[in-house]
Amino acid sequence: MPVTSRRGLLFGAAAVSAGAALTACTSNEPKKAGTAATTAAAADDKPGTPVTIGFAGPQADHGWLNAINQNAKDRAAKYSEVTLEITEGSNDTAAQIGQIQTLINKKVDVLVILPADGKALTQVGLQAMKAGIPVINLDRIFASPQAYRCWIGGDNYGMGLNAGRYIGEQLKDKPDAKVVELAGIDNLELTRQRTQGFDDALKNYPNIKKVARQAADFTVETGQAKMAQLLQAQKQFDALWNHDDDQGVGALRAIAQAGRDEFFMVGGAGSKSAMDAIKADNGVLKATVLYPPTMAASAIDLARALGQKKGVSGMSELEIPASITLYSAVVTKENVDEYLPTGFI
């Protein structure tokens, strides 16, 4: 699916359109004479040096993860000189390590890795870098920065922060407002970061109190079960933040079964079904906070540019940044048409 300019990547103060190909340099060594304008070529859509990109991610057992794979495939297909070697994907650490080692042995030019477990796969990232294959670490971060050339991913804390700000602004004039939270998997750091951002945002609204929280498992079934428990325990509240739109499908089922509509709901991640519901505006779901799977397309852009030894277009520096954090935009009825092309199924 396309990545449009309003969803561009932010590199410090410089914004680079995500619709344009990113460009890069494989070396951290300073270049000799010249300026960024004269020394580093800017990548564009024209065919360049052939590049083989290895892509390894976890099993696509979730709508967001499936969209990650599809974004990578679609972006690579845009470039005639790019060959994408994509693995089957696995949530088993040993299996994913083996898949990545196969790509290393094939001597791909660049690796894009979304690890099932960043800490557990750090060593194979280090192995690739030592073999002279630059690694784009996608989303779930390795334990050592030596295991990747560039990290690109979402902002879990910012996701919670923006959800809290949106809810806060809607309820800022309501005395004794109550909110509840349907979180993700509690043993994941990303879930804790989302909750922390949400709680920090609510501190700016002293009239709002979070009265309940349940953790689900990013599945429709657990979303429905945990939401039913929240509804039974809380007879009245004003807003709900749900961390994940896939589990939100189940949450909405529980809400419909309970016949409750006194509150509004904010989702998370940006599924197409959530955006369709927001656009229809005939239920409790009024917004979702993005965690864009389009990051995989941008990772392919970075990998292509690394393989072609090019610098980042639109920046003065000769090398790509060490890390790139995407922005978690809030999608509402007012802007949903803009973001619908990025909604995952």
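The values are calculated or read from the model by the stated rules, or taken from the named source; none is laboratory data. The structure presented is a predicted model; accordingly, all values stated were derived computationally and were not measured. Neighbour counts run over all protein chains shown; Cβ positions are idealised from the backbone, glycine included. These area figures cover heavy atoms from the full protein model, side chains too; ligands, DNA and RNA do not enter into them. Shrake-Rupley method; radii C 1.70, N 1.55, O 1.52, S 1.80 Å.
Search region 182-206 for residues being among the small types (Gly, Ala, Ser) and not in a strand (DSSP E or B), and hand back the single one that is surrounded by the fewest Cβ atoms within 10 Å (Cβ to Cβ). Before you say what the answer is, go through the steps one by one.
Kept after step one, since they are among the small types (Gly, Ala, Ser), are these residues of region 182-206: 183-184, 197, 201.
Add one more test, that the residue is not in a strand (DSSP E or B), and what stays is 184, 197, 201.
Values: GLY184: 25, GLY197: 23, ALA201: 21.
Filtering region 182-206 for residues that are among the small types (Gly, Ala, Ser) and not in a strand (DSSP E or B), the one surrounded by the fewest Cβ atoms within 10 Å (Cβ to Cβ) comes out as ALA201.
Can you tell me which of ALA131, ALA216, ALA143 is open to solvent by less than 20 Å² (accessible area, probe 1.4 Å) and either on the phi > 0 side of the Ramachandran plot or of a type in the set (A, V, I, L, M) (or both)? Spell out how you get there, then give the answer.
Working: ALA131 fails: open to solvent by less than 20 Å² (accessible area, probe 1.4 Å); ALA143 fails: open to solvent by less than 20 Å² (accessible area, probe 1.4 Å).
The match here is ALA216.
Quick one: in region 102-113, which of the residues that are hydrophobic (A, V, I, L, M, F, W, C) and assigned to a helix (DSSP H, G or I) is surrounded by the fewest Cβ atoms within 10 Å (Cβ to Cβ)? Quick ask: steps written out before the conclusion?
We begin by selecting, within region 102-113, every residue hydrophobic (A, V, I, L, M, F, W, C); these are 103-104, 108, 110-113.
Right, trim to assigned to a helix (DSSP H, G or I) and you get 103-104.
On the way: LEU103: 23, ILE104: 17.
Checked region 102-113; the qualifying residue surrounded by the fewest Cβ atoms within 10 Å (Cβ to Cβ) is ILE104.
Give the number of residues within region 124-163 that are among the acidic types (Asp, Glu) and assigned to a strand (DSSP E or B).
Pass one, region 124-163, residues among the acidic types (Asp, Glu): 139, 155.
After this cut, where a residue has to be assigned to a strand (DSSP E or B) as well, the list is none.
Qualifying residue count for the region: 0.
Within region 281-321, which residues are surrounded by fewer than 24 Cβ atoms within 10 Å (Cβ to Cβ), of a type in the set (Asp, Glu) and either under 17 Å from ILE113 (Cα atoms) or modelled with pLDDT under 90 (or both)?
GLU317, GLU319, listed by residue number.
Give region 72-101 a look and list any residue that's among the charged types (D, E, K, R), surrounded by fewer than 19 Cβ atoms within 10 Å (Cβ to Cβ) and in a helix (DSSP H, G or I), or say none. Break it down into steps so the answer makes sense when it comes.
To start, the set of residues in region 72-101 that are among the charged types (D, E, K, R) comprises 73-75, 78, 81, 85, 88, 92.
Then drop every residue that is not surrounded by fewer than 19 Cβ atoms within 10 Å (Cβ to Cβ), which leaves 73-74, 78, 81, 85, 88, 92.
Passing the criteria: LYS73, ASP74.
Hey, can you tell me all the residues within region 322-345 that are open to solvent by less than 30 Å² (accessible area, probe 1.4 Å) and either touching a strand residue (DSSP E or B) at 6+ places or on another chain (Cβ under 8 Å) or aromatic (Phe, Trp, Tyr) (or both)?
Residues of region 322-345 open to solvent by less than 30 Å² (accessible area, probe 1.4 Å): 324, 326, 328-329, 331-332, 336, 339, 342-344.
The answer is ILE324, LEU326, SER328, ALA329, VAL331, THR332, TYR339, THR342, GLY343, PHE344.
Determine, yes or no, whether ALA116 is touching a residue at least 40 places away in the same chain (Cβ under 8 Å), within 21 Å of the chain's Cα centre (by Cα) and open to solvent by less than 70 Å² (accessible area, probe 1.4 Å). Spell out how you get there, then give the answer.
Numbers: touching a residue at least 40 places away in the same chain (Cβ under 8 Å): yes; within 21 Å of the chain's Cα centre (by Cα): yes; open to solvent by less than 70 Å² (accessible area, probe 1.4 Å): yes.
In short, yes.
Filtering region 260-280 down to residues that are of a type in the set (A, V, I, L, M) and over 23 Å from ALA72 (Cβ atoms), which residue is surrounded by the most Cβ atoms within 10 Å (Cβ to Cβ)?
First pass over region 260-280, keeping only residues of a type in the set (A, V, I, L, M): 265-266, 269, 274-275, 277-278, 280.
Remaining after also requiring over 23 Å from ALA72 (Cβ atoms): 265-266, 277-278, 280.
Working: MET265: 26, VAL266: 29, ALA277: 23, ILE278: 25, ALA280: 11.
It comes out as VAL266.
Mind checking whether some residue in region 213-229 is at pLDDT 95 or above, over 19 Å from the mean Cα position of the chain (by Cα) and among the basic types (Lys, Arg)?
Yes, that holds for at least one residue.
Return the total of residues in region 258-273 being more than 13 Å from LEU230 (Cβ to Cβ) and either of a type outside the set (Gly, Ala, Ser) or in contact (Cβ under 8 Å) with a residue 40 or more places away in the chain (or both). Give the steps one after another, and end with the answer.
Of region 258-273, the ones more than 13 Å from LEU230 (Cβ to Cβ) are 259, 261-262, 264, 266-273.
Then keep just the ones that are either of a type outside the set (Gly, Ala, Ser) or in contact (Cβ under 8 Å) with a residue 40 or more places away in the chain (or both); that gives 261-262, 264, 266, 268-273.
Here the count works out to 10.
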